[in-house]
Amino acid sequence: MLIFLIGFMGSGKTTLGRPLAARLGYRFVDLDRAIEEGEGMTIGEIFSVRGESYFRSLERVYLQEVIARGGDAVVSTGGGTPCFGENMALMNRSGVTVYLKLSPERLTDRLLMARTQRPLVAGKSPEELLVYITETLAGREVYYGQANVVVADPSRDVRRLMDILNPYVVG
């Protein structure tokens, strides 16, 4: 079974995905890291050198590769992955999609406290960051809302996520 974790940057897709995969005995795939390793460039470099449309086409290719490989995996997608092409429909056909939903205020707090700066939010003041997140999230909700499971205000508690996913996970 494939479990796709979707949501805005900072929502906890990787933080929850890694221990969730370990608990389930699944492999863990961070789609952004797979792209970086496969292309030999950071996401930021791909965006600046090749542009967003090139990155989105790469994202689709790597997503299709993860799906084609099959097996049991927890996949942490990029924040924009569900919003381009037919990626959301593809993920819904191929496994269970889980939207880790946080308010713009909580996302702002998390991103301001993050250890690593993310290219899309670097250099923004707290106020600018909140506006950016609020506006971007509003546009993405139509895609995120198509998830099979919505986990509102996910904590870092993997047990809670396991309980929510229990009806979907076989074995």
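The values are calculated or read from the model by the stated rules, or taken from the named source; none is laboratory data. On a predicted model such as this, the values are computed, not experimentally measured, just so you know. Every residue, glycine among them, receives a Cβ derived from its backbone with ideal geometry; neighbour counts consider all protein chains shown. Areas reflect the complete protein model, heavy atoms only, side chains present, ligands, DNA and RNA absent. Shrake-Rupley method; radii C 1.70, N 1.55, O 1.52, S 1.80 Å.
Given +1 at the Cβ of Lys and Arg, -1 at the Cβ of Asp and Glu and no other charges, the dipole of the range 66-137 around its Cα centre is 240 debye to the nearest 20. Multiplying the residue separation of Glu65 and Glu37 by 0.36 nm and removing their Cα-Cα distance gives an extension gain of 8.7 nm.
Extension gain for the segment Arg27 to Gln146, taken as residue separation times 0.36 nm less the Cα-Cα distance, is 40.4 nm to one decimal. Figure note: Ser94, Ser76 ranked by solvent-accessible area, largest first, 1.4 Å probe, ligands and nucleic acids not counted: Ser94, Ser76. Each stretch of four or more DSSP H residues adds -39500 (n - 2.57); spread over every residue of the chain, this sum gives -16500 deg cm²/dmol at 222 nm.
Please give the charge dipole size of the chain, origin at the Cα centre, charges +1 on K and R Cβ atoms and -1 on D and E Cβ atoms. Round to the nearest 20 debye.
Dipole magnitude for the chain comes out near 440 debye.
Based on protein heavy atoms only, the chain ends up with 51 Å² per residue of surface accessible to a 1.4 Å probe.
Could you tell me what percent of the accessible area of the chain is made up of carbon and sulfur, with a 1.4 Å probe and every protein chain present?
52
Our estimate of slack between Ala114 and Glu127, defined as 0.36 nm per intervening residue step minus the Cα-Cα distance, is 3.0 nm. Go through (i) 27; (ii) 12; (iii) 18 and flag the label whose value is the computed percent of Cα pairs over 30 Å apart for this structure. Label of the calculated value: (ii). Among Lys13, Lys124, Lys101, the largest mean-square fluctuation in a Gaussian network model of the chain, built with springs joining Cα atoms closer than 10 Å, belongs to Lys124.
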